[in-house]
1. Taking the chain as a Gaussian network, where each spring joins two C-alpha atoms under 10 Å apart, which residue of Met167, Met193, Met129 fluctuates the most?
2. Size of the dipole of region 203-248 about the Cα centre, Lys and Arg at +1 and Asp and Glu at -1 on the beta carbon, nothing else charged, in debye to 20?
3. Considering only Cα-Cα distances, which of the following residue pairs are longer than 31 Å: Lys74/Lys267; Lys104/Lys271; Lys74/Lys207; Lys84/Lys225; Lys123/Lys271; Lys62/Lys84?
4. State the extension gain, in nm to one decimal, for the chain segment bounded by Ala316 and Asn262, taking 0.36 nm per residue of separation less the distance between their alpha-carbons.
5. What size of dipole, in debye to the nearest 20, comes out for region 2-323 about its Cα centre when the only charges are +1 on Lys and Arg C-beta atoms and -1 on Asp and Glu C-beta atoms?
6. Under a 1.4 Å probe, what is the accessible area of the chain per residue, stated in Å²?
7. Starting from the Cα of Lys104, step 7 Å along the direction of its Cβ; do the same at Lys286; then give the gap between the two resulting points in nm.
8. Let me check against my output: what whole-number percent is the relative contact order of the chain, with C-alpha pairs under 8 Å and at least 6 apart?
Amino acid sequence: MRTLIISFCLMLNTFVALSQSTKVKMMTDTDGNAINAHGGGILYYGGTYYWYGELKSGPTYKVPDSDWENYRVKAGGVSCYSSKDLKNWKFEGVVLPSNKVDKKHDLHTSKVIERPKVIYNKKTKKFVMWMHIDSEDYSYARSGVAISDSPVGPFIYKGSVRPNGNMARDMTLFVDDDGKAYHFYSSEENATMHISLLTDDYLSHTKTDIRILIGDKREAPAVFKYNSKYYLVSSGCTGWSPNEASYATADSILGNWTTQTNPCVGKDADKTFYAQSTFVLPVIGKPGKFFFIADMWNKLDLKSSKYLWLPLHLNANGVPIISNTK
Ligand code: GAL
């Protein structure tokens, strides 16, 4: 109990400290190296936060013959960092490495491995990772899944699918209070978002798969729940370039989603402060307090892309506010 109280206090202090600094753009791990976990997500498990993200290293190049800004690095796999206080991050290694030899493999360095998210399955006691898998021209449009007995891997890759036959690119996962897990993914050439209920083991999709934000062209989904309401923050579709975020709400996760406004306020709010959503992290023990986590992409040198962590709070009317000022 004493340990629990101490870690709870640590979390509160961290929230205050991070809120006061308002943003964290460059983050280093406990070895002093830049954190390399882009398009990431955070799992809170056993009193520790685990941050998973895309490992981006090596030179950035433009894919030949692409008629859009298709800047890439060779896929590096998925890295993991752990922290007790959201400030000190220990590098736990590359928990799902890319494949350097088999060109046909989903995880080959020539492929796209993006937006990994990890959830814990209480029934099977497994850690399940889903991620966007693509070919370098983004025509493959699939979701890959990997599994581990430990939050710090190794994760074993199980393969990829087009959920219920649908294209799937930018994505996130959300586990509801009843333990049911949902896969949110940009589909139909990114025009429409889908939400699919995963099976009880979280390893495949059920036939429950709904279309939301139809034709709205949203990506970079980040989902959270507050006061029984569901919130989905997303970006527009402008590749690595920043655009205006918006959020949608629903009273039930598979119900009607209503598009609202831009949750960002202040200078550069129309560009999401030059960042793109990737995750919304609930602060343990602080109902209504979250961190909005976003990527500040550097499209010409992707490995040096930074992160933006901003406090997100809900006002008395349940409206989320992400502010770049104190
Ligand atoms: C973004 C997407 C990123 C990445 C990028 C490639 O729109 O959110 O995850 O796929 O496009 O240009």
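The values are calculated or read from the model by the stated rules, or taken from the named source; none is laboratory data. The structure displayed is predicted, hence computed values, not measured ones. Here the Cβ positions follow ideal geometry from the backbone for every residue, glycine too, while neighbour counts run over all protein chains shown. Ligands, DNA and RNA are excluded from the accessible area calculation, which covers all protein heavy atoms including side chains. Shrake-Rupley method; radii C 1.70, N 1.55, O 1.52, S 1.80 Å.
1. Its mean-square fluctuation being the largest, the pick is Met167.
2. 200 debye
3. Details: Lys74/Lys267 34 Å; Lys104/Lys271 37 Å; Lys74/Lys207 34 Å; Lys84/Lys225 23 Å; Lys123/Lys271 41 Å; Lys62/Lys84 38 Å.
The pairs that break the limit, which is 31 Å between Cα atoms, are Lys74/Lys267; Lys104/Lys271; Lys74/Lys207; Lys123/Lys271; Lys62/Lys84.
4. 17.7 nm
5. Details: 38 positive and 32 negative charges, 144 e Å.
Result for region 2-323 is approximately 700 debye, rounded to the nearest 20.
6. On the way: 14080 Å² over 326 residues.
About 43 Å² of surface per residue is accessible.
7. 5.1 nm
8. Working: 842 pairs, mean separation 45.8, N = 326.
Over the chain, the number comes to 14 percent.
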